[in-house]
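What follows is one structure encoded as structure tokens, with my remarks underneath.
Nothing in this text is a laboratory measurement; each read-out follows from the coordinates by a stated rule. Note that the coordinates shown come from a computational prediction; the quantities given were computed from them, not determined experimentally. Note: ideal-geometry Cβ built from the backbone for every residue, glycine included; neighbour counts use all protein chains shown.
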Amino acid sequence: MSTETAEKKEEIKKDAEALLSKRRKKLISDPLVDDNPITIQVLGICSALAVTTQMQPTLVMALSVIFVMVMANLTISLLRDKIPTRVRIIVQLAVIATLVTLVNEVLKAFAFDMYKELSVFVGLIITNCIVMGRLEAFALGNKPYDSVLDGFGSALGYSWIILAVAFFRELWGSGSLFGVPIFDAVSGIFGEDFQLATNGLMVTPVGAFIILGLIIWVQRTKTGYVEH
Amino acid sequence: MQQSNAYVITFSVILTVILGLLLSGTSEVLRPIQKKAEELDTKKQILGAVMQPSEIRNMKDEEIEAFYDSRIASKVVNIEGEEVEEDKDGTPVNAETVDVGKNYKRAPEDRLYPVFIYHEDGNEEEVIAYILPVYGNGLWDNIWGYLALQTDLSTIEGVTFSHAGETPGLGARITSSDVQSRFTGKTIYDEGGSLQSVSMQKGEGRDYSDDPHKVDGLSGATITAEGVNKMIRSYMSHYEAYLNRKKDEKEIALN
């Protein structure tokens, strides 16, 4: 993420108002913490629990959601004056479902192992409330470029939370990160007697609830957010 | 904004056609690549029964293809152990394309049973192991795998399992090499030559190294473990005729 912010700053210098004005930057930064889809709006919990046992599938899931949200927001925003109000929900669903199927097909062709592991959950992006929520609340009433930023921001807000959850779940549950055995390496440094035990609870969905709860707790303590 | 019905219908039709074309186009373009990926995955699973997962992971896709071509011979047999060249409709069968899951839905007598023979490089007569597919039910969904038998046709050389939807951390552990290695060295026949199969026991952490038919179980996943037991037992009985034929052949060769 640090490289991204650096890039953004450069762009601002070149073309401050048009590309990334303060308002537009807020579109991306708001969903990261202050209006995070998972921790504040509490949307998209099901997939956050299901895919986060390991970092690698979680990363693939995050990238898929970013792709789907950006493209769906763009498409709906481009069509926003053409879409008949009465069937807009079905139109949104059709666009999302098409994008998700595309992601699934591409994964099946080029990353078969990931496809096997994720196919059910990638399919469930369709029902991820975050995606449709943004289409309904933002893309239908805003210009394409703003919608792309909004989709990107919300997807990023979702992504960093599930990656954080996956980080702790894989580390504590399986003693590894991205499949690299961290706990074994630590034992290697301190000798045979020093063994780190993994916690089976972290591998089950219960572990995700606990981690997610802790993240929300820390976040709300810091921001002072209270539900009304 | 209230649009006319005609507009709504026209919009829906156009959208459906565009999205439909997009999807079918992608599927058409990607299908050959997907098919290749699927075949490669099956080959990896078959080889997984006789190789360490780390070895397979370190091989490139082309290396796996080449290794598979030079080391694995395959045939299809029926429940009587007879080699089958074509299916009921007369189309030639190929062990690699037999869908074990689809066959599982038929009665055992009507199924096709692929056999993969792991042999020395370039010599199909020098068999190292017979790899037999197995298929069954876990707790939530289907489980399947490959079981490799040594040339005595009883000792397990290795197994590999996959599943569609077992519980992560519990039943899904059947895919871990640490669980699969527990089967290695066990035998499916007793000394008298009758089928005993191997079975995972209830509970976990006990030492069954002196019992050739018992395997340490999965704590918290007894039903998945029982599914594995049932799967192995039923498929070993379906392959029994073939295995017996092979045994007879061997005895004739020895005499």
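Some observations on this one:
- Relative contact order, percent, chain A [alpha-carbon distance under 8 Å, six or more residues apart]: 30
- Gyration tensor (alpha-carbon) shape descriptor, segment B:123-184, a/c threshold 1.5: prolate
- Antiparallel bridge percentage (DSSP; both residues within the protein assembly as shown; nearest 5): 95
- Between residue B:9 and residue A:217, the simple label model (points 7 Å from Cα in the Cβ direction) yields a spacing of 5.9 nm.
- Label zone at residue B:245 (point 7 Å along Cα-to-Cβ), backbone N below 16 Å, segment B:77-111: B:77-88, B:93-95, B:109-111
- When the Cα gyration tensor is reduced to axis lengths a ≥ b ≥ c, the ratio a/c is 1.5 or higher for segment B:74-141, and with a/b not above b/c it is classed as oblate.
- Long-range amide H partners of residue B:162 with built H, under 5 Å: B:144, B:145
- Given charges at beta-carbon only (K, R positive; D, E negative), |dipole| of segment B:47-254 in Debye: 980
- In terms of packing, defined here as the mean over residues of other Cβ atoms within 10 angstrom, the peptides A:53-61, B:54-62 line up highest first as A:53-61, B:54-62.
- Over chain B, relative contact order from alpha-carbon pairs under 8 Å, at least 6 apart, %: 14
- Taking all Cα pairs closer than 8 Å and separated by 6 or more residues, the relative contact order of segment B:1-150 comes to 18 percent.
- The lysines whose alpha-carbon is closer than 21 Å to the alpha-carbon of residue A:25, local same-chain residues fewer than 8 away aside, are A:8, A:9, A:13, A:14, A:143.
- Computed label-point distance, nm, for sites residue B:22 and residue B:202 using a 7 Å Cα→Cβ extension: 5.5
- Taking θ as phi - 60° and the Karplus parameters 6.51, -1.76 and 1.60, the scalar couplings of segment A:197-207 work out to 8, 8, 9, x, 4, 5, 6, 8, x, 4, x Hz in sequence order, x denoting glycine and proline.
- Overall form of segment B:184-228 per C-alpha gyration tensor (a/c, 1.5; a/b vs b/c): oblate
- Couplings 3J(HN,Hα) for segment A:125-131, derived from phi with the Karplus relation 6.51 cos²θ - 1.76 cosθ + 1.60 (θ = phi - 60°), are 4, 3, 8, 5, 4, 4, 4 Hz, where x marks Gly and Pro.
- Using just its DSSP H runs of length 4 or more, each adding -39500 (n - 2.57), the protein assembly as shown gives a mean residue ellipticity at 222 nm of -17500 deg cm²/dmol after division by all residues.
- What the phi angles of segment B:49-57 give under the Karplus curve with 6.51, -1.76 and 1.60, with θ = phi - 60°, is a coupling list of 6, 10, 10, 6, x, 5, 4, 5, 4 Hz, glycine and proline written as x.
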